[in-house]
Amino acid sequence: MDIFQQVVNGLTVGSIYALVALGYTMVYGVLKMINFAHGDLFALGAYLALTLFGVTTAASSGSGWLALLVVALAVALAVGAAGLAAERIAYRPLRHAGRLPPLVSALGVSVFLQNGIMLVWGARPRAFQHNLSLEAGLTLFGVRISAMQIIILVFALLLMVALYLFVQRTKVGAAMRAIAVDHETARLMGIDVTRIIQLVFFIGPALGGLAGMMVGLYYHQLNFTIGWSYGLKAFTAAILGGIGNIPGAMVGGLVLGLAEALAAGVSGQWKDAIAFVVLILILVVRPTGLLGERVAEKI
């Protein structure tokens, strides 16, 4: 049964990777740019949740679940706003400057955010405290699924399904897909390209911020460098699934989480190395990722 326990653990972590990977793949889809600051926006969401849980827990008279809802909404809005600010200040002026200047600017935003987190919350690891009642859980066929794992899996699944339906079934989603094909043609069709790009830079970081909150709740500890480690793995997941492909980012995150968890069952010290070996082997067979890079298609 130990392998099934690792599968549950892998799906839990993989769903977090998938949420963060969505931000990378959405930005790449509309701008063909890698937002290297996205991992640090994820870290910002984790640290904002750390602070907000302390405030809302005190204000809600011990109702931890009300605090969870309030914090989730506040984190999504705040990190989404930070993503909008980064797009307006650091990326939009360089939109037509080629591919390299925006990448350098993204690295600058990443350094700024990471050092800002360190200055505000300190360089030492911080304990993530909350008053949620999480003693309950499920035991299925000898596999223990904690209440927090259930929350993360269900919450992440709902967010991913909602995003997929939004992109595939709404006019705004169709506009996103049109911009991913060709900016100029989309503009001639009456689509406000700038506003759609702003929306992408709000949704992606908002999902990343919520993933940061989940990491804090799951591991009970934060370090100001988590943006780099989780950002790297989420970027890897986006490539694994097919960069620019939203379902691919979801699948890539889950596959990477499973590979990492199963590798940990073999050797905890080598779990990252084993997981990346699996990634390399998959990309050797399918260079465009499991579901393939999203290319031009009819809307």
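The values are calculated or read from the model by the stated rules, or taken from the named source; none is laboratory data. Computed from a prediction, not measured in an experiment: that's the story for all the values here. So basically every Cβ, Gly included, is an ideal-geometry build from the backbone, and we count neighbours across all protein chains shown. These accessible areas exclude ligands, DNA and RNA; they are computed on the full protein's heavy atoms, side chains included. Shrake-Rupley method; radii C 1.70, N 1.55, O 1.52, S 1.80 Å.
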Note down the nm distance, to one decimal, between modelled labels 7 Å out along Cα→Cβ at Val284 and at Trp228.
2.9 nm
Modelled label-to-label distance, Phe112 and Ile150, 7 Å Cα→beta-carbon offset: nm?
4.3 nm
When you have a sec, figure out the Kirkwood radius of segment 3-293 from all distinct Cα pair distances and drop it here in Å to one decimal?
19.4 Å
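May I ask for the net charge around Ile16, where only other residues with Cβ less than 15 Å from the Cβ of Ile16 are counted and Lys, Arg are +1 while Asp, Glu are -1?
Values: positive: Lys233; negative: Glu260.
Here the count lands on 0.
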Assign one of three labels to segment 197-271, namely rounded, prolate or oblate, based on the Cα gyration tensor with a ≥ b ≥ c the square roots of its eigenvalues; rounded applies when a/c is under 1.5, prolate when it is not and a/b is larger than b/c, and oblate otherwise.
oblate
Can you order the peptides 159-169, 28-38, 220-230 by their average number of other Cβ atoms within 10 Å per residue, highest first?
28-38, 220-230, 159-169
In Å, the Kirkwood hydrodynamic radius of segment 1-59 over pairs of distinct alpha carbons?
13.9 Å
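If I require 20 Å or longer along the helix axis, counting alpha carbons, and a Kyte-Doolittle average no lower than 1.6, what helices from the chain are left? Use full DSSP H segments. Walk me through the numbers before you get to the answer.
Values: long enough: 2-31 (43 Å, 1.20); 38-59 (31 Å, 1.20); 64-86 (32 Å, 2.33); 100-121 (32 Å, 1.51); 147-169 (32 Å, 2.21); 193-219 (39 Å, 1.46); 226-241 (22 Å, 1.00); 246-266 (31 Å, 1.72); 271-285 (22 Å, 2.71).
Taking the DSSP H segments of the chain (at least 20 Å long, mean hydropathy at least 1.6), we get 64-86, 147-169, 246-266, 271-285.
How much net charge surrounds Glu260 when only the other residues with a Cβ under 14 Å from the Cβ of Glu260 are counted, with Lys and Arg +1 and Asp and Glu -1? Before the final figure, lay out the partial values.
On the way: positive: Lys233, Lys271; negative: Asp272.
Result for the neighbourhood of Glu260: +1.
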Within the accessible area of the chain (1.4 Å probe), percent carbon and sulfur:
69 percent
With the convex hull built on the Cα atoms of segment 162-202, state its orientation-averaged projected area in nm².
2.7 nm²
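Give me the 1.4 Å probe accessible area per residue for segment 3-293, excluding ligands and nucleic acids, in Å².
On the way: 13220 Å² over 291 residues.
Value for segment 3-293: 45 Å² per residue.
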Between Leu165 and Ala273, what FRET efficiency comes out of the Förster formula 1/(1 + (r/R0)^6) with R0 = 51 Å and r the beta carbon distance, rounded to 0.05?
0.85
Per the C-alpha gyration tensor (a ≥ b ≥ c, the square roots of its eigenvalues), segment 116-202 is rounded if a/c is under 1.5, else prolate if a/b beats b/c, else oblate; here it's oblate
Restricted to Cα positions, what overall size does segment 1-157 have along the principal axes? Three whole-Å values, descending.
56, 39, 27
